[in-house]
Amino acid sequence: MTVESKDEAHFVEDLTDQSDDFGRWYTEVVRKAQLADYAPVRGCMVIRPYGYGLWENMQAALDRRIKATGHQNAYFPLLIPESLLQLEADHVEGFAPQVAWVTHGGNEKLEERLAIRPTSEAIIGRMYSRWIESYRDLPVLINQWANVMRWEKVTRLFLRTTEFLWQEGHTAHATAEECQEEVLRMLEVYREFVETELAIPVYAGRKSAAEKFAGAEMTYSIEALMRDGRGLQAGTSHNLGQHFAKVFDITYQDEAGKRQHVWQTSWGVSTRLIGAVIMTHGDDQGLKLPPRVAPVQAVLVPIWRKDAERAAVFEFVARVREALGDRVRLHVDDRDQYSPGWKYNEYELRGVPVRLEVGPRDVAQQSVMSVRRDTRAKEAIPLAQLQERLPALLDEIQRDLFVAAERFRSENTVFARSTAELEEHFTERRGFVALPWNDDAALEAAVKEKTGATLRCVPLSPTVQEALAPQGGPVALFARAY
């Protein structure tokens, strides 16, 4: 096999350390691991096949959960008439700086501008006003997988781009109680999905009035901590109350024959979660992908020096493929223009959870050498045990990634008894700071102005509250965030 050139080695090895420049490290990893690249349109990105494969696995896992809670997928138009968007003043005001407009169709100027959806409350509200007539039509439980556009001034691949992919659920209910149950149900779906599939620990809680979604009665979110100590909003669930129902005249006839406005929710996560995976688990060598969503769970690298060894190695590789079947997403890298060392570095950069090595010695021993991406621990696995041991090893890696991320979060979460302690913390450190809380908007604004930290959420779980507040009482979590 050929030895890699200096240029090839430079591509794999020359990666900025996280401690030197985390933002630069992040961008280099996204591009060198071939997750995404910059598009010709300002602020937009091209999601490459490896990155899109990661998104597809995440999408499939979440879609199963959404459907299991009784929701159905649909699709609504990308373009929204300006007159329809303008009906909801608070909503428009909240998104006005980010709305992109279509003003011409071909060479003709449109009579009315069309907004490229920044979110779909307006167009979905109009359709629900047509579809809902009786209490028998409720609840309406619809989700859509779509792209949206928000004209961002400062962008970063996956984390904040002008166009991005997401899912947005929009539901309508007969009562306020059912509406709130839906909001919290989907928040829990997000929490369980992110922790189980992405191995990212999150705090689930409610947002402050200053941080809630434009037009919502209440917003809830899941909040994660990245390895640079910044918080990241990983998903949101909104109680819209009857606000949009009154604007778009979404009513139903109740069992007594009286017209009532519905109660609505909306909730969503986006390709920002790919950024969360990168920044939660990655290290100075590149990505560490959770096995449950990794496009490639194991890469097999055949090793031979003499042509006489090649046939025996590849015959054994075929037996490995047959043994594993569809139990593992396996990729065999049989390219002969790159050395094994080059391939090791490449797949380490790309975060493949397990590397399998098969050389003449392994063939002789009827085993495969496995190397974990997260710990680099090696283990020789007999071929006869591979179909059982490799899936179990992937499960171990999934659990260990979560444990490591949870430990990091714990080490970087502190309790502050006063705003002075909180401000002192952010002069030298990052992470989450739990502060005693009584919904003081003025205090929240002062903290943001002095430290740049924002109120991420007020945790809902009493157990979490107790763990964060040694003195008891409610607390809010603050962090500098993306």
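The values are calculated or read from the model by the stated rules, or taken from the named source; none is laboratory data. For clarity, every value in this text was computed on a predicted model and none was experimentally measured. A quick note on method: Cβ atoms are made from the backbone with ideal geometry, for glycine too, and the neighbour counts reach across all protein chains shown. Just the protein is used for accessible areas: all its heavy atoms, side chains included, with ligands, DNA and RNA removed. Shrake-Rupley method; radii C 1.70, N 1.55, O 1.52, S 1.80 Å.
Model label sites at residue 110 and residue 177, defined 7 Å from Cα along the beta-carbon direction, differ in position by 4.4 nm. Structure note, pairs 306/378; 212/448; 306/343; 153/448; 153/246; 288/378: Cα-Cα distances above 27 angstrom occur for 153/246. Rounded to the nearest 10 degrees, the angle from helix 307-324 to the longest Cα principal axis of the chain is 40 degrees. Restricted to Cα atoms, segment 437-478 shows a radius of gyration and a Dmax of 11.0, 31 angstrom.
Consider all pairwise Cα distances in segment 182-302 and report the whole-number % of them above 26 Å. Within segment 182-302, distances greater than 26 Å cover 38 percent of Cα pairs.
Kirkwood-type hydrodynamic radius, the chain: 24.8 Å, calculated from all non-identical alpha-carbon pairs. Tell me, rounded to the nearest percent, the portion of alpha carbon pairs in segment 233-328 spaced more than 16 Å apart. Percent of Cα pairs beyond 16 Å in segment 233-328: 76. Across segment 352-454, the mean sequence separation of Cα contacts (distance under 8 Å, 6 or more residues apart), normalised by length, yields a relative contact order of 16 percent. Computed over protein heavy atoms with a 1.4 Å probe, the carbon and sulfur contribution to the accessible area of the chain reaches 47%. Pairwise Cα separations in segment 329-456 fall into 10 Å bins from 0 onward with the following percentages, short to long: 10, 28, 18, 13, 16, 11, 3, 0.
Computed over all pairs of different Cα atoms, the Kirkwood value for the hydrodynamic radius of segment 240-389 is 18.8 Å.
Look at the dipole of segment 96-227 built from charges on Cβ: of 123, 161, 199, the Cα furthest out on the positive end belongs to 161. The Cα center of segment 240-315 and the Cα center of segment 54-68 differ in position by 6 Å.
Modelled this way, with points 7 Å down the Cα-to-C-beta line, the labels at residue 74 and residue 336 are 5.8 nm from one another. Each pair of Cα atoms in segment 19-63 enters the Kirkwood radius, and Stokes-Einstein at 4 °C and 1.567 mPa s then converts it into a translational diffusion coefficient of 111 µm²/s. Computed about the Cα centre, the dipole magnitude for the chain is approximately 520 debye when only Lys and Arg (+1) and Asp and Glu (-1) carry charge, each at its Cβ.
Which percentage, to the nearest 5, of the DSSP beta bridges contained in the chain is antiparallel? Show your work: numbers first, answer last.
Details: 69 of 84 bridges.
Here the antiparallel bridges make up roughly 80 percent for the chain.
At a threshold of 8 angstrom on Cα-Cα distance, excluding pairs fewer than six apart, so keeping six or more, what relative contact order does the chain reach in percent? Dividing the mean separation by the residue count of the chain yields 15 percent. In order along segment 58-63, phi translates into HN-Hα couplings of 5, 4, 5, 5, 6, 4 Hz, rounded to whole numbers, per the Karplus curve 6.51 cos²θ - 1.76 cosθ + 1.60 with θ = phi - 60° and x for Gly and Pro.
Close amide H pairs (under 5 Å, H built 1.01 Å from N) link residue 44 with 39, 162, residues at least 5 positions away or on another chain. Working note: 222 nm ellipticity from helices only, DSSP H runs with n ≥ 4, each -39,500 (n - 2.57), summed and divided by the residues of the chain, gives -12000 deg cm²/dmol to the nearest 500.
The angle between the Cα long axis of helix 272-281 and the longest principal axis of the Cα atoms of the chain comes to about 50 degrees, rounded to the nearest 10.
For residue 454, the residues whose modelled amide H falls within less than 5 Å of its own, excluding neighbours fewer than 5 places apart on the same chain, are 479, 480, 481.
Dividing the convex hull volume of the alpha carbon atoms of segment 35-87 by its residue count gives 134 Å³ per residue.
Computed over segment 227-274, relative contact order equals 44 percent, with contacts defined as Cα pairs under 8 Å that lie 6+ residues apart. Enclosing the Cα atoms of segment 137-193 in their convex hull gives a volume equal to 116 cubic angstrom per residue. The simple spin-label model puts a point 7 Å past each Cα toward its Cβ; for residue 420 and residue 218 those points are separated by 3.4 nm.
On the beta carbon distance between residue 98 and residue 131, with R0 = 22 Å, the FRET formula returns roughly 0.20. Output needed: percent of Cα pairs per 5 Å distance bin for segment 331-382, bins running from 0 to the one holding the longest distance. Here the calculated profile for segment 331-382 is 5, 19, 27, 27, 17, 5, 0. The order of the peptides 47-59, 272-284, 466-478 by mean Cβ neighbours within 10 Å, most packed first, is 272-284, 47-59, 466-478.
Given the alpha-carbon gyration tensor of segment 76-180, what are the semi-axes of its equivalent ellipsoid in whole angstrom, ordered largest first, with each equal to the square root of 5 times an eigenvalue?
They are 27, 18, 12 Å, listed largest first.
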